[in-house]
Every structure is written in C-alpha cells, then in structure tokens.
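The values are calculated or read from the model by the stated rules, or taken from the named source; none is laboratory data. Treat the numbers as computed from the prediction; the structure is a model and nothing was measured. Cβ sites come from the backbone with ideal geometry, for glycine too, and all protein chains shown count toward neighbours.
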C-alpha cells in the first residue's frame with residue numbers, strides 16, 4: 001500500500017529495531033492479563049497508540065475504541081454511585 005502500511009490494523013510493513021523492542025516489551029507486559037480491557041489500559045498507559053495496541057493484540061482499532069468507551073461508561077457509573 002502507498003502509505004507504508006499493510007492490510008492489518010495499524011501494522012507497518014517494517015519496524016525500526018526500537019519499535020520492535022517496544023512491541024515485545026508491551027506484549028510481555030500484558031501476557032498474563034486475560035481481560036482485553038486490562039491489556040488495553042496497560043498498553044495505553046505505556047504510551048502505545050490504538051493502532052499499535054490493535055496490532056499487538058490481534059484485534060481491530062474499532063474494538064479498542066469500544067473497550068475505551070465501555071471503560072469510560074463504567075468509570076462514570078462508579079463516580080455517580082459514590083456521590084450518593
């Protein structure tokens with residue numbers, strides 16, 4: 001493809017050595033987490049973008065967006081229940 005990306009979600013055709021190391025560290029950090037939401041939170045906290053996370057976890061960027069939306073809703077719901 002002309003933009004330097006393959007058909008996969010956010011997966012560049014070639015990665016720099018630093019990017020490869022960062023991805024490996026990200027994958028190792030979440031390997032024991034079973035819930036996708038936990039994995040996404042951890043990887044976002046480490047500074048990875050949605051496309052990078054999607055590529056690492058083998059899911060779509062839209063799936064990452066849905067996870068983030070649900071996490072925000074849960075946080076809002078918890079915030080309302082503690083104010084009562």
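For the reader, a short list of remarks on this structure follows.
- Taking the criterion of being exposed (fewer than 13 other Cβ atoms within 10 Å of the Cβ) and modelled with pLDDT of 90 or more, the only residue of the stretch 33-44 that qualifies is 35.
- A single member of 53, 64, 27, 59 is outside any helix (DSSP H, G or I), surrounded by 13 or more Cβ atoms within 10 Å (Cβ to Cβ) and either under 12 Å from the mean Cα position of the chain (by Cα) or at pLDDT 90 or above (or both), and it is 59.
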